[in-house]
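**Student:** The structure that follows is given in the form of structure tokens.
The values are calculated or read from the model by the stated rules, or taken from the named source; none is laboratory data. Since we're looking at a predicted model, the values are computed, not measured. Counting neighbours? That spans all protein chains shown, and the Cβs are built from the backbone with ideal geometry, glycine included. Please note that ligands, DNA and RNA were not included when accessible areas were found on the heavy atoms of the full protein model with its side chains. Shrake-Rupley method; radii C 1.70, N 1.55, O 1.52, S 1.80 Å.
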Amino acid sequence: MEAKPESHKLIFEKEGVYLHTNAKRSNQDTTIPGFIRIVERDGEPAMEWSPVEEDVRNAPAVFYTKKDGEGGEEETKFDPGYEPDWAVISTVKQERRQEHPPVREKGQWGSFSLPLSELYSLRRARFSLGRNFLVLTTRGGDPLPPLHFQRGGARELLKAMQRYIRLAPSPMDGRLFLAYPHDSGALSQSFDELHLFDDTSADLVSRFIQDPYATTFGGFSKVTNFFRGALPHTHQESPFSNRSPQDAHCPHPADEEPGFELITCGAELGPRPQVKRGKPLDNWDQFLDPEGRVTDPQKVKELVFRGGIVPSLRREVWKFLLGFYPWNSTTKEREDILRVKTDEYFRMKVQWKSVSEEQEMRNSLFRGYRSLIERDVNRTDRHNSFFSGNENPGLALLHDVLMTYCMYNFDLGYVQGMSDLLSPLLFVTQNEVESFWCLTGFMDLVHQNFEESQEAMKQQLLQLSVLLRALDPELCDYLDSQDSGSLCFCFRWLLIWFKREFSFEDILSLWEVLWTRLPCENFHLLMASSILESQKEELIGSNHDFNSILKHINELTMKLDLQSILCGAEAIYLQLTHCKELPLKVQEVLGLRVPCSSSEESPDSEPKETDTLLAQSEARGASSCQPFNGQTPQRTPPTYP
């Protein structure tokens, strides 16, 4: 009788997956490039790896174990060639099995095939060489050689695997994930083996459905993820999903090394819409009532967000966007505010101007601020005609405003980068006093970026990582594989809001868009995501490593098209907000879900000092308008055509 030909179906394939035979060395003898695949052979899914050099027609050598007998015993499986801090040590009650060692050729590993039914666990780890790996362990307790995804793809592999098995985090180790079949019978058995419940009867899952509180009161926190596959008509959440929103601002556990691929299988995003920019705001008077109040601040912000502001109106509108003038102030009130603010500015300026040389010698902090300012002023935007040349009055104004800000906020003082924030303000306002108070409004938005702890910058990089992982897992996998997952190369972008990445004129357009705080307060993170996605093909296609990634990002200066990046960032926002199952962390970054901690006051919230000036103006009978209440107005998303 003729043998039936073997059925073969390729489910997933990824090249650039390196097998490491020695954790202590990394060379051609210990690092083998190859392909990893998920295939179905006669209906049985298996994971296969084969080296690049191997003839693809050869069948992979089978490496897994079969059950042999019914007895069981406690045993520890440990490969002594592994480093103890990352090796997989499995101590569980196991069936006696006949062990089949892996196939080796000339001292190296050959190809292997592991049926997914024989996969016991996988572990994500960082070894002594500094790379990130996945380590697979069979049900016989044998760890396979570590797999390094040099070009990303681990996330896609896990998605393919989860078509056949479930991966749930171990309650004992946050980096270890256990493999289970999808059927609920095996799920109940897995509870028994892991001793998660005192009651180990076989109908555990069915009783959980009938009475979840009585069944799981003592152990529910350990096994939440185990039940999701067994409950009917419920969405099955990935065991690799992000932490809960309550943990969003908590430090990572010690075993979650920064930069390692956080394996997530988030909700599928819909198509990304096409976005076009609008026309700039070119008619300011139409938004003013007879007394000079802005009748529709939200409409103004939407127009600015859609298309910016024509240069002739920037000086006036910027003072509203940055909180110097309240939106509901009258023309007369603004005259009063300017007069009072001018007096206050020059009082602070006189303070540092009157410091004698002897006093300055005894004040190292003040002396340090002055030295930093003088050095930075001489190299800030010197290509711009307003600051070019020697003995330029613009340089003197830049110096004086920054020195006065030190007196205004002596705790923060001056930090490198603040001169980059001031120069466009001074260029547009052409006024020392107005540029100073616009700077204070700008610093209200970004002052945490300059604090010594750098906690705000770390948080923003983490939020950017959350966005990028939801948008482009493949790019994240690749960056992680090159130890660039921390996105530290984006630090300068976020610190001074892309000041060094775009031309001076583009920065004027970009910042006024960001000052609207539309469509969310973290739109600058969407900008960064848009830039990174635009560079995906170059980064992955050219196989950049850590150093070349950093070099490539730095060389993007003045090469980016602002309008394209803005359209991309807005399209990303729309794509994410239209997703019905958006992860909670992403919702928090986009402002769709309010975190537990109170948010920083936005520039729409008027400073108390300005409220006082308005109140004084009312007392003098300058206006009968309703006083500003000092609360941030409820922000509605911009209207999109």
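**Student:** Determine the order of K279, K536 by accessible area, beginning with the largest, at a probe radius of 1.4 Å. Provide the component values of the computation, followed by the final result.
**Tutor:** Numbers: K279 170, K536 50 Å².
I get K279, K536, largest accessible area first.
**Student:** Highest mean first, how do 374-382, 503-511 rank when packing is the count of other Cβ atoms within 10 Å averaged over residues? Don't skip to the end; give the middle numbers.
**Tutor:** Details: 374-382: 16.9, 503-511: 18.4.
Those peptides, ordered most packed to least, come out 503-511, 374-382.
**Student:** Please state the relative contact order of region 282-418 as a whole percent: Cα pairs under 8 Å, 6+ residues apart? Each step should come with its number before you reach the end.
**Tutor:** Values: 84 pairs, mean separation 26.3, N = 137.
With pairs under 8 Å counted, the relative contact order is 19 percent.
**Student:** Rounded to the nearest percent, how much of the accessible area of region 339-496 (1.4 Å probe, protein heavy atoms only) is carbon and sulfur?
**Tutor:** On the way: 3190 of 6550 Å².
Taking all protein chains in place, region 339-496 shows 49 percent carbon and sulfur surface.
**Student:** In whole Hz, what ³J(HN,Hα) sequence does region 286-294 give by Karplus (6.51, -1.76, 1.60; θ = phi - 60°), x for Gly and Pro?
**Tutor:** Computed from phi, the couplings for region 286-294 are 5, 9, 10, 7, x, 8, x, 6, 7 Hz.
**Student:** Just order 338-347, 314-323, 576-585 by mean Cβ neighbour count inside 10 Å, highest at the front, would you?
**Tutor:** Descending packing order for the listed peptides: 314-323, 576-585, 338-347.
**Student:** With every protein chain left in place, what is the accessible area per residue of region 324-449 in square angstrom, probe 1.4 Å? It would help to have the intermediate numbers written out before the result.
**Tutor:** On the way: 5490 Å² over 126 residues.
It amounts to 44 Å² per residue over region 324-449.
**Student:** Simple spin-label model, 7 Å along Cα-to-Cβ: K559 to R593 in nm?
**Tutor:** Placing both labels 7 Å beyond Cα along the Cβ direction yields 3.8 nm.
**Student:** If you don't mind, there's one more thing I want to ask. Say R0 is 56 Å: what FRET efficiency, to the nearest 0.05, do E474 and N378 get from their beta-carbon distance? List each step's numbers first, then the result.
**Tutor:** On the way: r = 44 Å, r/R0 = 0.79.
Taking R0 as 56 Å, the efficiency between E474 and N378 is 0.80.
**Student:** Given K301/K458; K332/K353; K458/K551, which pairs have Cα atoms separated by over 25 Å? Could the numbers behind the result be given before it?
**Tutor:** Values: K301/K458 29 Å; K332/K353 32 Å; K458/K551 21 Å.
Those over the limit are K301/K458; K332/K353.
**Student:** OK, next. Apply the Karplus curve 6.51 cos²θ - 1.76 cosθ + 1.60, θ = phi - 60°, to the phi angles in region 377-389 and return the couplings in whole Hz, x for Gly and Pro.
**Tutor:** Rounded to whole hertz, the list is 4, 6, 10, 9, 6, 5, 6, 7, 4, 6, 10, 7, x.
**Student:** Right, something else. What nm value, rounded to one decimal, do you get for the distance between E455 and S371 when each label is placed 7 Å out toward the C-beta?
**Tutor:** 2.9 nm
**Student:** Over region 526-584, consider all pairs of different Cα atoms and compute the Kirkwood hydrodynamic radius from their mean reciprocal separation; express it in Å, one decimal.
**Tutor:** Details: mean 1/r = 0.0778 Å⁻¹.
When all Cα pairs of region 526-584 are included, the Kirkwood radius is 12.9 Å.
**Student:** I've got another one for you. Pull up all non-local amide H partners of L176: gap of 5 or more, or a different chain, and H-to-H distance under 5 Å with H placed in the peptide plane.
**Tutor:** Excluding prolines and chain starts, which carry no amide H, the hits are S170.
**Student:** What is the sum of charges around K319, taking Lys and Arg as +1, Asp and Glu as -1, for the other residues whose C-beta is under 11 Å from the C-beta of K319?
**Tutor:** That sum, taken over residues with Cβ under 11 Å, equals +2.
**Student:** Once amide H atoms are placed 1.01 Å from N in the peptide plane, what residues at a sequence separation of 5 or more from Y120, or on another chain, have their amide H within under 5 Å of its amide H?
**Tutor:** Under 5 Å from the amide H of Y120 lie the amide H atoms of T137, T138, R139, each far enough along the sequence or on another chain.
**Student:** With r defined as the distance between the Cβ atoms of S364 and V52 and R0 fixed at 56 Å, what FRET efficiency is calculated, to the nearest 0.05?
**Tutor:** Given R0 = 56 Å and the Cβ-Cβ separation, E is 0.35.
**Student:** Using each residue's phi in region 397-402, evaluate 6.51 cos²θ - 1.76 cosθ + 1.60 at θ = phi - 60° and report the 3J(HN,Hα) Karplus result to the nearest Hz, with x for Gly and Pro.
**Tutor:** Calculated HN-Hα couplings, in order: 5, 4, 4, 5, 5, 5 Hz.
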